[in-house]
1. Which whole-number percentage describes the relative contact order of the chain, with Cα contacts under 8 Å and a sequence gap of 6 or more?
2. Given the Cα-Cα distance of residue 6 and residue 649 and 0.36 nm per residue of separation, how much length would full extension add, in nm?
3. For a 18 Å ceiling on Cα separation, which of these pairs sit above it: 358/423; 423/450; 70/423; 70/386; 386/423?
4. If you place +1 on the Cβ of every Lys and Arg and -1 on the Cβ of every Asp and Glu, how big does the dipole about the Cα centre of the stretch 328-482 come out, in debye to the nearest 20?
5. Give me the dipole magnitude in Debye, nearest 20, for the chain about the Cα centre, with unit charges on the beta carbon: positive for Lys and Arg, negative for Asp and Glu.
6. Please sort 206-213, 331-338 by packing, taking for each peptide the average over its residues of neighbouring beta carbons within 10 angstrom, highest first.
7. Please enumerate, by chain and number, the aspartates and glutamates with C-alpha under 17 Å from the C-alpha of residue 388, excluding those fewer than 8 residues away in the same chain.
8. Counting only the backbone N, which residues of the stretch 629-653 are under 17 Å from the spot 7 Å out from the Cα of residue 712 toward its beta-carbon?
Amino acid sequence: MSSRGELRLAPQELRRRCDPAALPFATTAEVEPADGAGGQQRALRAIDFAVEVPQRGYNVFATGPDGTGKRDTVEARLRMHAGARPASRDIVFLFNFDEPTKPLCSLLAAGDGRRLELAMGAFVQQAGTEIPHAFESESYQRRRGEVVEPFERERQDLLEHVRSFARSRGLNLEVTPAGVVTIPLVHGRPVTPQEFERLPEQTRRDLDAASHEVEQRMAAVIPQLREIESRVRDRVRALEREVVLYAVGHLIDDVKREHAGVEAVAGWLERVRQDVIDNYGGFLAGAQQSQLAAPLGIVLGRGADAFRARYEVNLFVASDAHCAPVVVERNPTFPRLFGRIEFETTLGAAVTDHRHIKAGAIHAASGGYLILRAADVLRQPFAWEKLKEVLRSGRAQIENLGEQFMLFPTASLTPEPVPVEVKVVLVGSGELYELMHALDEDVRELFRVKADFDTQMPWSDEGCSAYAAFISSQVAREGLLHFEAAAVARVIEEGARRAAHQGKLSTRFQEIADVLTEASHWATRAGAEVVAAEHVEQAIRERRTRSDLLERRLAEMVDEGTLHIQVRGSAVGQVNGLAVVALGDYAFGHPTRITATTATGGGELVSIDRESKLSGPIHDKGFLTLRGYLEQCYGDGVPLSLSASITFEQSYAGMEGDSASSSELYALLSSLAGAPIDQGIAVTGSVDQYGRVQAVGGVAEKIEGFFAACERAGLTGEQGVIVPAADRRHLMLDQPLLAAVRDSRFHIWAVDSIDQGIEILTGLPAGGRGADGAYPEGTLHARVQARLAAMALSAREWGHSGRPDQRSRSIDA
């Protein structure tokens, strides 16, 4: 028989301490802040691998519970990689002179896009000034006169020849914009139509015949006049082209020299040169409209602005000149992610041009990295499908989402697709990743790297350093007071408490950050210059106090007797089990009374909670394990002819988990053996069919919950909790409980088997089975075996063996 003392845990086994003297700093002012969360080497290696593989499809899905700092850690790691990569290229959109509705996309070296934008803006301004001045200059007027004058003389000579002929025939010849007009002359004086009608008929006939001859002569001259006008226009046009080229040609040459290395831009600048020469009138019109009255000038000026816009550059994406971009898009709507085409209203009509094409996050991240929350992307209409298309093709077509659903399509732009080279990191929970991976085969193709974030990291020197660096970064980021070494040590211990492991620290850094903020608050309120350990302790205590309303109400019900919990004395078939209630970010343990009754029957084990559908499948599995234990221990010699009923008394809500299966078994053995159980001892742990006690969760909360109940009723020095030995490393108990254990006012026992636990609870030896299958006299197992044998005999005598065997109902249900 194992003594209670052999299985009792020492105070130092119940909590691991962090020695402040072992920390290599006095305060966090001496600690270098960390980038991102620590303890995620597995995830960081996955990210590094994805970054190093240039092929498409090696994007990352970062998974893990919320609060582990996934996004911050991913961003910090990617910024480290971005700093070692060359800057991405600028992206510009240019007017397409061949197809105005299809703007051209060009990629330039970092910074060249801004220089081109500024250069072309300056060009438009200068051209708008230089071209009108050139045409208003005396030099141009003189040269134009020199060009036009010879042709004008030639034209006048031809006309004078026809006029002379007309005068010789008694007619005057006038050339008007509407054509050639002949006017009869009488005595050298033009006559009116009325006077012409009073002339003798013969005279009128002669004048008509003469007019016909003049018209014939003029018809022969008109082609010559037109040919002269054509030559004049050509010469004037050549002069105007020469003037325009002289006025602005050097400006375009300057821009070309600056961007000579980009063939597409150089070709576009040549088209600009030709278009300015061909359409210089737009600049003249702009100068004239600026002189009009304000309202009319504004209206007409928009036309000039639209004309000049063709020469302007839309700097679509301006890259960082020092490193690759890292873009975090927190609201990935379709336009914010993939860009949009904006419109403006002119004279009641919605118009647009290449200047109104706006970039999205996918374009801004080209050449670098884009971080998105998977759930946010999935919530946005069409965003997920579009993202997959871009990652698959490496090209991002800019389009307005609403255009696809318009009843009547409107004229808009169709920009060239933008080449996109980007690594996308989706951040989400493990459950979402599994769901997407199962339902969408594209996830396997496009997100081939999984970066799995853990909730724990080893409590080692590196782990302590990571905690200190995280605290230092929070101090810098949030403007907190610095933490002294003892305060950091207390935070590390709290990290182990939250990890529920003496060798692990929690990586749910958001929860730790909340403790840091509140500890700094309490230190500030106390007038301290740095945060001390007591301020951290106060922050933890205050957080619990704000959330423990239900815990207090249950405690009051126990203290008042509304909930019947015995913490003294003994009882047959009754044991104090332990349960954990989780309320968001707060969990607490409390005792619950488990009872068992047994009688002769057909071998059925009934869980009242299960029959009432108040228990979950894991609890039911643990309960059904009890029959396997009974058959393994006692079923060789006699059939199990018992009827047992087990329940959680005064439990009216659903329950789940198998951590009470050992408690149920203890109550059942106590009832069968008639052995009283010490009610000052509570139990937790699951059990297998061979009586091995297995680890469970929430051990610290369960122990503290029962300790609180015993403390309120008065500690006797005999009370305590039995836990699985496998849970030793999971104990990080609070200071008041440790003090009670240190003073032998409360005890914690760690057991490996049901036999060890039942000996502590009843004070009886469990007993080992002999070669004949029997247990030694005076042992608990012998008493159970004898009771089962008596039940089997009674069943035969009373005819119960003929009843239908209900074991299948208990096992298969």
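1. 16 percent
2. So the chain would gain 228.3 nm between residue 6 and residue 649.
3. 358/423; 70/386
4. 320 debye
5. 420 debye
6. 331-338, 206-213
7. 329, 376, 399, 421, 440, 441, 442, 445
8. 650-651
The values are calculated or read from the model by the stated rules, or taken from the named source; none is laboratory data. Remember, it's a predicted structure, so these values are computed and weren't measured experimentally. Cβ coordinates were reconstructed from backbone atoms using ideal geometry, including for glycine residues, and neighbour counts include every protein chain displayed. Side chains included, ligands, DNA and RNA excluded: accessible areas come from the protein's heavy atoms. Shrake-Rupley method; radii C 1.70, N 1.55, O 1.52, S 1.80 Å.
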